[in-house]
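Below: the structure, in structure tokens.
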Protein chains: 4
Amino acid sequence: MKNLKLASRETSERTIIQIGDLKIGQDFLLIAGPCSVESEEQMFETAQAVKQAGANMLRGGAFKPRTSPYAFQGLGLKGLKILEKVGKEMELPVVTEVLDTRDVSWVCEYVDVLQIGARNMQNFSLLKEVGKTNKPVVLKRGMYSTLSEWLNCAEYILNEGNPQVILCERGIRTFETYTRNTLDLSAVPAIKELTHLPIIVDPTHGTGKISLIPPMSFASVVAGADGLIIEVHHKPEEARSDKEQALRPELFAQLSAQVLKLRKYYLEELQ
Amino acid sequence: MKNLKLASRETSERTIIQIGDLKIGQDFLLIAGPCSVESEEQMFETAQAVKQAGANMLRGGAFKPRTSPYAFQGLGLKGLKILEKVGKEMELPVVTEVLDTRDVSWVCEYVDVLQIGARNMQNFSLLKEVGKTNKPVVLKRGMYSTLSEWLNCAEYILNEGNPQVILCERGIRTFETYTRNTLDLSAVPAIKELTHLPIIVDPTHGTGKISLIPPMSFASVVAGADGLIIEVHHKPEEARSDKEQALRPELFAQLSAQVLKLRKYYLEELQ
Amino acid sequence: MKNLKLASRETSERTIIQIGDLKIGQDFLLIAGPCSVESEEQMFETAQAVKQAGANMLRGGAFKPRTSPYAFQGLGLKGLKILEKVGKEMELPVVTEVLDTRDVSWVCEYVDVLQIGARNMQNFSLLKEVGKTNKPVVLKRGMYSTLSEWLNCAEYILNEGNPQVILCERGIRTFETYTRNTLDLSAVPAIKELTHLPIIVDPTHGTGKISLIPPMSFASVVAGADGLIIEVHHKPEEARSDKEQALRPELFAQLSAQVLKLRKYYLEELQ
Amino acid sequence: MKNLKLASRETSERTIIQIGDLKIGQDFLLIAGPCSVESEEQMFETAQAVKQAGANMLRGGAFKPRTSPYAFQGLGLKGLKILEKVGKEMELPVVTEVLDTRDVSWVCEYVDVLQIGARNMQNFSLLKEVGKTNKPVVLKRGMYSTLSEWLNCAEYILNEGNPQVILCERGIRTFETYTRNTLDLSAVPAIKELTHLPIIVDPTHGTGKISLIPPMSFASVVAGADGLIIEVHHKPEEARSDKEQALRPELFAQLSAQVLKLRKYYLEELQ
């Protein structure tokens, strides 16, 4: 693919990113947690449930990129402190989205993995900044982004010296309105052809509908995804953001069991 | 979904369409064959190979809707006669695309199943005409079509008295250029929520890339698809259309074995 | 542009299509009238008003390609007879959409110009059929169609021996929901670069909003369009289709005066 | 429009933004200049030419958001100093894009107007930061952005206390590949219905083709745009970015004369 040097498939073996015992790109990455960090109680309850269900990373937003300035913008530092505390106690690495170049260095003090959201995929200053850290970065695909543009954004991070990029397909914008976005699962094997970086899928934002999350999670596994990121809330009806697409812990537990079993089948039969 | 009467999920149990022993909507439908019928030899060799590999329906175009008037337009009646002969000899039901209201009644003499292509999804005259036959109809999704519009097209067919509609997701058009179309697999479970009609997936046109056909086929199965339609040519390099996306028989055989095994896993573990 | 022979800019001087005194491609074509022919009274009242306002062609649908089979499908032959009668009496050539290859020859008995709608742009059988007539054809752009595909559809008509094709930009489908479609006005000068055929614009379907029709009409004129097609109904609130986007005759009269004056300005100052 | 308070049409008279004698939202804003600031000579020559041709603001990028990290990224501070110097000498206010929250305050020392590019439209941290300055802000529409999302981004700026937002339509991303983007001119009158903020058009990025810039500029004027932003380079063949879409000064001078005359016509006849 044009212009790619460091991210190109030809330049490297498959990238494995290690966090503790977890080897991303080899072990199946199952990130779960609420859209926003709202309280210690919420995070503990959710974290406990998802860990028990098999999740190996905890998500929670402290800075929320909301369409309207009047929507809940996240708890900020307070949220990060909760996230760190809960992650440590539950022995789960934690990931959070970062929105501002000025926040990158101090957010790194609290989390294990940084996330660049879809709206900031081509925020090149932010890409360079996370490229200067030693934290793995989940780089979401912009909702209008070609595969080539997306990989060039990964290249921005790699080019600053940080080789730990995890790509995340989260749906693109099309004319379809039944789903929130159109999850482009062909991106998974296509990205595998083009780069050595791991790729995970976000079926929550990719569909925006609880009923579609399980089938799209299964489809992601057998398309070759290296992981999933799924919104789970212990009481979705009380969530301050994305309440209509967060799974209850029970539903997540069932999904997780199916996903992890299917992953084994995939490795044995389909790879 | 607005305006739907006959096609709506609420109005009926899951539709099962029976052709000989094959129960579409229950048995996994595996349609294979070349883009265009080119010769008796081509059809026999391909049909033999796909039947042995597990396909239970044979495809082959006699009328080809080509972007340019100067491209190969299909063998017409001659192609239909070959298709019928080969289908009978190989004991495979056959499906072909129909483009013109004037052709519908006599094309029915030669084939078991009619196909409405993506470009004709909203050719309402043609929908009404196939709705007057007693043949099952594969209705492909238009490349710009919402789920609602697509189901309304099925409604046109049902409303004429033909209840045997098989929906087929074949990719929508987006800004992405790496793939020929963007295969919208979330349409599979979404359609299952909205209608009782069976839905199959066309990973060949949906991706336009041989390397992406296997992973997207696997993904279709676990997303709940009732079948697949895949282009296979005994000598792709000599094909008169779509040569870059037709599978060789050996590759199809391998894919078919994996797909049918995965389907069993799906029925036992994921449904 | 690839594959184009007859439609290519290089092969011909600008095409002029003559109907009576009207020279399309030279004179500004102003087509007006209701979405559907509903009654003689409706057509007479509307035709009288639009003729007086400066329109030089009358539109009216007898066969309506509606999303739902339960929506009003047009008056058919009865509608054609009304259209013909009113056109003759008002001395306005008439245009109507044709949906079915079987209708083309007899519809030609009633109208001066045939229209191929956006949903049938790639109905190649229909293109070939209208290509065999001696009637000018308004070929609307499909809502998902590239310029290249559109011009290849014109090529289908030209290739059958009918050189009288008028292209019509009517909006493409995008993610935007404020407008019904996204009117792609850059298509006007782009098409002028690529082909010798005239191009008109449909701001009614292109925007779906009465308030946006005047500014988009003005923009079309100075972008170099050869004409406009605008829905006008003498009593929009009683229209059987598209009531929310039909102009009242008074508003059309005002728009028409502005458009025709601006066209003069364009020819003198901007061409 | 949902959620809008400060940006909504109902809350205010049309916003007029004054810079020296220039009243944006009333006077026609004609911004011209190169994609990137490359040298003092380049800026002087271009500025002189565009000023003489009627431009009333000078553009020039010092920080360039490039798809690839290996493409020219702009001269940074050096570029800003050149821009400031040339603007002062030529008595033209200057506008430049800002990419990073950390740069906003010091960039304000050098320029009259800040620009938020399409890729940063939903960089909410950056929006808040420019909202804290007293500089007018050109807010480009994201290439995937609905009108509603775009106006909510303006709301972010207004909500921080800066009422001086100039919206800029610059083309959205569609399936069409003949043009670089699809310029959505219906956004101009639509935005006028929804907000009191001025809106300008960028036909350079909107089309990516020199031949389409004049017709789309004319169309913008009569669609009601409050201004245009056009890339001009004194020697396009030597430009370090966007060389294929920059106008030569002579072509800009001709276009500018036509645009300004057409604007007068618009105010007298079409408003």
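Quick note: the coordinates plus some simple rules give every number you see, no bench work behind them. None of the values given here were measured: they were computed from a predicted structure. When we count neighbours, we look across all protein chains shown, and the Cβ atoms used for this are built from the backbone with ideal geometry, even at glycine.
With Cβ to Cβ distances under 13 Å as the rule, what net charge do the other residues near D:Leu185 carry (K, R +1; D, E -1)?
Taking every other residue near D:Leu185 into account, the sum is -3.
So the label point sits 7 Å from Cα along the Cα-to-Cβ vector; using that for D:Thr177, what distances do you get to the other copies, in nanometres, sorted shortest first?
So the distances to the same position in the other copies read 0.5, 3.0, 3.0 nm.
Return the equivalent ellipsoid semi-axes of segment B:20-270 as a descending list in whole Å, where each equals the square root of 5 times an eigenvalue of the C-alpha gyration tensor.
23, 22, 18
Around B:Leu228, which amide H atoms from residues at least 5 apart in sequence, or from another chain, sit under 5 Å from its own amide H, with H modelled in the peptide plane?
B:Leu29, B:Leu30, B:Ile31, B:Val201
Enter the Cα centre distance for the pair segment C:122-177 and segment D:1-30, rounded to the nearest angstrom.
Computed from Cα coordinates, the inter-centre distance equals 42 Å.
Kindly state, to the nearest 0.05, the FRET efficiency for B:Glu91 paired with B:Thr11, given R0 = 41 Å and r defined as their beta-carbon distance.
0.75
What net charge do the residues around A:Pro236 carry, taking every other residue with its C-beta under 10 Å from that of A:Pro236, with Lys and Arg at +1 and Asp and Glu at -1?
That sum, taken over residues with Cβ under 10 Å, equals -2.
Order these peptides, B:37-49, B:178-190, by their mean beta-carbon neighbour count within 10 angstrom, highest first.
The packing order, highest mean first, is B:178-190, B:37-49.
From the helices alone, meaning DSSP H stretches of at least four residues, give me the mean residue ellipticity at 222 nm for chain B, per-run term -39500 (n - 2.57), in deg cm²/dmol to the nearest 500.
The per-residue figure over chain B is -10500 deg cm²/dmol.
Looking at segment A:137-215 only, what percent of DSSP beta bridges run antiparallel? Nearest 5 please.
Of all bridge pairs located within segment A:137-215, approximately 10 percent are antiparallel.
Taking the dipole about the Cα centre of segment B:20-270, with the C-beta of Lys and Arg at +1 and of Asp and Glu at -1, give me whichever of B:Val222, B:Ala62, B:Gly25 is farthest to the positive side.
Going by the Cα projections, it comes out as B:Ala62.
Report, as an integer, the average count of C-beta atoms from other chains found within 10 Å of each Cβ along D:144-150.
Averaged over the peptide's residues, the number is 5.
Sorted from shortest, what are the nm distances separating the label point of C:Ser211 from equivalent points in the other copies, each placed 7 Å from Cα along Cα to C-beta?
Label point to label point, same position, other copies: 3.5, 3.7, 5.0 nm.
Of all DSSP beta bridges located in segment C:29-270, what percent are antiparallel, nearest 5?
5 percent
A:Leu260 versus C:Leu267, label points 7 Å from Cα toward the beta carbon: distance in nm?
Label at A:Leu260, label at C:Leu267, 7.7 nm between them.
For the rotation bringing D onto B, which D residue has its Cβ nearest the axis, and at how many Å?
D:Phe175, 3
As a test, work out the antiparallel percent of DSSP beta bridges whose residues both lie in the protein assembly as shown, rounded to the nearest 5.
Rounded to the nearest five, the antiparallel share is 15 percent.
What average number of partner chain Cβ atoms lie no more than 10 Å from the Cβ of the residues making up A:100-107?
Mean partner shielding for this stretch: 3.
Loop-only check: which trypsin sites (Lys or Arg not before Pro) in segment C:123-173 are DSSP coil with at most 10 other Cβ within 10 angstrom?
Taking segment C:123-173 and a limit of 10 other Cβ atoms within 10 Å, no loop trypsin sites (Lys or Arg not before Pro) are found.
Taking every residue in D:219-232, how many Cβ atoms of other protein chains lie within 10 Å of its Cβ, on average?
Going residue by residue through D:219-232 and averaging, the value is 4.
Looking at the square roots a ≥ b ≥ c of the eigenvalues of the Cα gyration tensor of segment D:64-173, which shape do they give, rounded for a/c under 1.5, prolate if a/b is larger than b/c, or oblate?
oblate
For each of C:Tyr266, D:Tyr70, count neighbouring Cβ atoms within 10 Å of the residue's Cβ, then give the residues from fewest to most.
Lowest count first: D:Tyr70, C:Tyr266.
So, with +1 on the Cβ of K and R and -1 on the Cβ of D and E, and no other charges, what is the size of the charge dipole of chain D about its Cα centre, to the nearest 20 debye?
Using only the charged Cβ atoms, the result is roughly 400 debye.
Near C:Asn123, within a Cβ-to-Cβ distance under 12 Å, what is the net charge of the other residues, with Lys and Arg +1 and Asp and Glu -1?
The answer is 0.
Can you list, shortest first in nanometers, how far A:Lys88 lies from the same residue in the other copies, with each label 7 Å from Cα toward Cβ?
5.3, 8.0, 9.2
Starting from the amide H of B:Thr174, placed 1.01 Å from N in the peptide plane, find each other amide H under 5 Å away whose residue is 5 or more places distant or on another chain.
When sequence neighbours closer than 5 places are left aside, the close amide H contacts are B:Thr182.
Are there GluC sites (Glu not before Pro) in segment A:55-111 that DSSP marks as loop and that have at most 16 other Cβ atoms within 10 Å, and which are they?
Hits after loop and neighbour filter: A:Glu91, A:Glu109.
Is the shape of the protein assembly as shown best called rounded, prolate or oblate, per the rule: a/c under 1.5 gives rounded, else a/b larger than b/c gives prolate, else oblate, with a ≥ b ≥ c the square roots of the Cα gyration tensor eigenvalues?
oblate
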